[in-house]
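The values are calculated or read from the model by the stated rules, or taken from the named source; none is laboratory data. Model, not experiment: these values are computed from the prediction. Virtual Cβ from ideal backbone geometry, glycine too; neighbours counted across all protein chains shown. Side chains are part of the model used for accessible areas, which takes the heavy atoms of the whole protein and leaves out ligands, DNA and RNA. Shrake-Rupley method; radii C 1.70, N 1.55, O 1.52, S 1.80 Å.
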Amino acid sequence: MSKEAKWNIAQAADSGKAAALALALGIDRVLAELLVQRGIESFDQARAFFRPSLDNLHDPFLMKDMDVAVERLHKAITSGEKILVYGDYDVDGTTAVALVYSFIKRYTQSVDFYIPDRYEEGYGVSLKGIQTAVDGGYTLIITLDCGIKAIQKVNLAKEHGIDMIICDHHLPDEKLPDAVAVLDPKREDDNYPFNDLCGCGVGFKLVQGYAQKYEIPFDTLIPLLDLCVVSIAADLVLMTGENRILAHFGLKRLNEEPRKGLQALINLSNLETGHVSMDDIVFKIGPRINAAGRMETGRLAVELLTATESGQAMITAERINNNNNERKNIDREITADALEMVESGKALAGENATIVFSPDWNKGVVGIVASRLVEAFYKPTVVLTKSNGLVTGSARSVAGFDLYSAIESCADLLENFGGHMYAAGLTLKEENLPEFASRMDALVKGKITEEMLTPIVDIDSPLDFSQITPKFFRILKQFQPFGPGNNNPVFMTENVYDAGNGRKVGAGGVHLKLDLIQESQPYHQIPAIGFNMSEYYDYIHEGNAMDVCYSIVENYYRGSSNLQLRVRDIREREEII
């Protein structure tokens, strides 16, 4: 971590509740406290948490407009209408399209899919997409992961005799599009019990509703769950409620019987089938799927995810993998350019916000570069390039700072913008760039606090190495799948040192591989990995003690597994004389 982080140790859970739960479940007190922190206070609640059940998925017809959507889809299928499944070019959009398209294709051949071009059409329902539907004689469009704000596009489709079913999970405006059905659990007039589904999750509810109404066995939907878990992991939605159930069974499917395209990506990512984790999806599978839309076309991702033949799946996966390698190279080059720009004072802003611009950068990776700059300087960041005659780019924030409202305050200078508190996209004319940069810098200065400018590591609990037993880890594993709202617990252990074999690893030696020992328990040695932490090497190599915070993970390598600490942060200990 480039800037020293504040360690925020969670308040201890209610001791009476934790003690009672530890006794009832026969588990370590620390694990019981983690459960209580997650709102799990009884044996029955713990059983539901540790043993998710597909029977606990909500009735899809609790979602507003589901009955209308299912009926309209059935009419299209039974009367042979041409159906176009339309979705965004990112992981959530392409998995959602693959899911709904695969399901509909079982019942009609009159279906195709459409993914907009990131550069020509941008995000959401496009005029070109509507025109494609008109020219192709389609009479029903199903949008996934987009469409909730496409009021004019829905009206245009209607003028051409095309109905639309919108499946989205983004926050709607006050006025909804005049579509046949609008499925979005974030609608104000929707009482659906879980409102943090991803776009693919909303698509799953549509096909679940169809199957339920027309008496198609639920078991036929199980093969779609690997798509759900990839989307849930990559879209960083809450890992609670219905998402946790879908992710649990999706991960099971992904590890036991993945579809051909995902199997090809697992192979190319050097992962072991049977041991694919949520982290593997976030850091290895998801970025590859995203790379198709960033570097070439999102359509490739859907072709991969719907492939029925292993040979073809591998050819498409290799093409996407090459896209990802190219994306990584470009990402590295642009990040280096941007860092140099800030450090040499050539940025548009660098004091309160980080704002950089180059007309030559690749539009597809500016969001990734913005995240890298936040890691480096820990300030709200905007990375801009030029595309189709306009300046366009992505913004990323730091914890607690509402970047979206700051950008909204500059709306008079912008052609277009969208996003949320921590991530946004924007487009403007080049002549407005200096004014935008100076206004944004001033807005950040006026509203950001010193606390917001300090990275925070949230720690769930202090832990002694002696508590990390096989039983402790076996139960901790059952907290999975991890994600927002159910993060992999972070523990803190004080006064530890390396056993003497510590070394730098990875390309350029940027990571640290350690064997850690706690001072008070010299015979309990645990392997650890610290990503991008080589700056601590000299201090550790000299035998100095430190405090560490970490998650406990299972490391698979060439068929064998071992427990490993994934170090999140290191704090050098001051010598006590």
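On the given criteria, is G311 under 20 Å from the mean Cα position of the chain (by Cα) and either assigned to a helix (DSSP H, G or I) or at pLDDT 95 or above (or both)?
Numbers: under 20 Å from the mean Cα position of the chain (by Cα): no; either assigned to a helix (DSSP H, G or I) or at pLDDT 95 or above (or both): yes.
Considered against the rule, which asks whether it is under 20 Å from the mean Cα position of the chain (by Cα) and either assigned to a helix (DSSP H, G or I) or at pLDDT 95 or above (or both), G311 comes out as no.
Within the stretch 88-104, take every residue that is farther than 15 Å from Y138 by Cα, of a type outside the set (D, E) and open to solvent by 10 Å² or more (accessible area, probe 1.4 Å) and give me the one that is farthest from the chain's Cα centre (by Cα).
The initial filter retains those residues of the stretch 88-104 that are farther than 15 Å from Y138 by Cα, namely 88-100, 102-103.
Still in the list and also of a type outside the set (D, E): 89, 91, 93-100, 102-103.
Next, only the ones that are open to solvent by 10 Å² or more (accessible area, probe 1.4 Å) stay: 89, 102.
Values: Y89: 14, S102: 23 Å.
The residue in question is S102.
Give me the helices (runs of 4 or more DSSP H) completely within the stretch 49-161, filtered to those with at least 2 residues that are of a type in the set (G, A, S), ordered by residue number. Steps first, answer last, please.
Numbers: elements: 66-78, 91-105, 127-135, 151-159.
Those helices (runs of 4 or more DSSP H) span 66-78, 91-105, 127-135.
Any idea which residue in the stretch 506-529 is surrounded by the most Cβ atoms within 10 Å (Cβ to Cβ), counting only those that are out of contact with any helix residue (DSSP H, G or I) (no Cβ under 9 Å at 6 or more places or on another chain), farther than 20 Å from R573 by Cβ and not hydroxyl-bearing (S, T, Y)? If you could, list the steps in order and put the result at the bottom.
In the first step, residues of the stretch 506-529 are kept if they are out of contact with any helix residue (DSSP H, G or I) (no Cβ under 9 Å at 6 or more places or on another chain); the result is 507, 513, 515, 519, 522-523, 527-529.
Applying the additional criterion that residues be farther than 20 Å from R573 by Cβ yields 507, 513, 523, 527, 529.
This time we only want the ones that are not hydroxyl-bearing (S, T, Y), so: 507, 513, 527, 529.
Working: A507: 6, K513: 16, P527: 15, I529: 18.
Going through the qualifying residues, I end up with I529.
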Extreme residue, modelled with the highest pLDDT, among residues of the stretch 394-420 that are of a type in the set (D, E) and assigned to a helix (DSSP H, G or I): D412
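Report yes if V444 is in contact (Cβ under 8 Å) with a residue 12 or more places away in the chain, open to solvent by less than 60 Å² (accessible area, probe 1.4 Å), over 21 Å from V365 (Cβ atoms) and assigned to a strand (DSSP E or B), otherwise no.
Values: in contact (Cβ under 8 Å) with a residue 12 or more places away in the chain: yes; open to solvent by less than 60 Å² (accessible area, probe 1.4 Å): yes; over 21 Å from V365 (Cβ atoms): yes; assigned to a strand (DSSP E or B): no.
Criteria not met by V444.
Taking E430 as the residue in question, decide whether it is touching a helix residue (DSSP H, G or I) at 6+ places or on another chain (Cβ under 9 Å) and either open to solvent by 50 Å² or more (accessible area, probe 1.4 Å) or acidic (D, E) (or both). It would help to see each step written out before you state the result.
Working: touching a helix residue (DSSP H, G or I) at 6+ places or on another chain (Cβ under 9 Å): no; either open to solvent by 50 Å² or more (accessible area, probe 1.4 Å) or acidic (D, E) (or both): yes.
No: the conditions fail for E430.
Please verify whether the stretch 385-393 includes one or more residues that are assigned to a helix (DSSP H, G or I), free of Cβ contacts under 8 Å to residues at least 40 places away in the same chain and either open to solvent by less than 50 Å² (accessible area, probe 1.4 Å) or farther than 23 Å from A291 by Cβ (or both). Can you show your working first?
Here is the first cut: in the stretch 385-393, the ones assigned to a helix (DSSP H, G or I) are none.
There is no residue in the stretch 385-393 that is assigned to a helix (DSSP H, G or I), free of Cβ contacts under 8 Å to residues at least 40 places away in the same chain and either open to solvent by less than 50 Å² (accessible area, probe 1.4 Å) or farther than 23 Å from A291 by Cβ (or both).
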Near pairs, Cβ below 9 angstrom, 6+ apart or cross-chain, from the stretch 285-312 (closer than 15 Å to A96 by Cα and open to solvent by 40 Å² or more (accessible area, probe 1.4 Å)) to any residue that is outside any helix (DSSP H, G or I) and not aromatic (F, W, Y): R299/I115; R299/D117
Test: residue in the stretch 17-38 that is β-branched (V, I, T), touching a residue at least 40 places away in the same chain (Cβ under 8 Å), over 22 Å from Q212 (Cα atoms) and open to solvent by 40 Å² or more (accessible area, probe 1.4 Å): no
Matching option when the condition is in contact (Cβ under 8 Å) with a residue 40 or more places away in the chain, within 19 Å of G203 (Cβ to Cβ), in contact with a Pro (Cβ under 7 Å, 6 or more places away or on another chain) and not in a loop (DSSP other than H, G, I, E, B), among L246, L251: L251
Among the candidates R396, R474, residue that is basic (K, R), touching a strand residue (DSSP E or B) at 6+ places or on another chain (Cβ under 6 Å) and either on the phi > 0 side of the Ramachandran plot or without any contact (Cβ under 8 Å) to a residue 60 or more places away in the chain (or both): R396
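Would you confirm whether any residue within the stretch 222-229 is over 16 Å from T143 (Cβ atoms) and either modelled with pLDDT under 95 or assigned to a loop (DSSP other than H, G, I, E, B) (or both)?
Initially, the stretch 222-229 is screened for residues over 16 Å from T143 (Cβ atoms), giving 222-229.
Those left that are additionally either modelled with pLDDT under 95 or assigned to a loop (DSSP other than H, G, I, E, B) (or both): none.
The answer is no; no qualifying residue exists.
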From the options V70, V85, residue that is modelled with pLDDT of 95 or more, at negative phi, surrounded by 15 or more Cβ atoms within 10 Å (Cβ to Cβ) and under 23 Å from the mean Cα position of the chain (by Cα): V85
Residue tally, condition in contact with a helix residue (DSSP H, G or I) (Cβ under 6 Å, 6 or more places away or on another chain) and open to solvent by less than 10 Å² (accessible area, probe 1.4 Å), over the stretch 394-423: 3
Test: residue in the stretch 139-149 that is of a type in the set (S, T, Y) and open to solvent by 10 Å² or more (accessible area, probe 1.4 Å): yes
Residue match in the stretch 198-218 (condition: under 11 Å from A96 (Cβ atoms), open to solvent by less than 10 Å² (accessible area, probe 1.4 Å) and assigned to a loop (DSSP other than H, G, I, E, B)): yes
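Picking from D547, D498, D569, which residue would you name as being surrounded by 14 or more Cβ atoms within 10 Å (Cβ to Cβ), in contact with a Lys or Arg (Cβ under 6 Å, 6 or more places away or on another chain) and of a type outside the set (S, T, Y)?
Working: D498 fails: in contact with a Lys or Arg (Cβ under 6 Å, 6 or more places away or on another chain); D569 fails: in contact with a Lys or Arg (Cβ under 6 Å, 6 or more places away or on another chain).
It is D547.
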Hits in the stretch 456-481 (condition: outside any loop (DSSP other than H, G, I, E, B), open to solvent by 60 Å² or more (accessible area, probe 1.4 Å) and either of a type in the set (D, E) or closer than 30 Å to K379 by Cβ (or both)): I456, D458
Close pairs from the stretch 134-151: first among the basic types (K, R), partner assigned to a loop (DSSP other than H, G, I, E, B) and modelled with pLDDT of 95 or more, Cβ under 8 Å, at least 6 apart: K149/P177
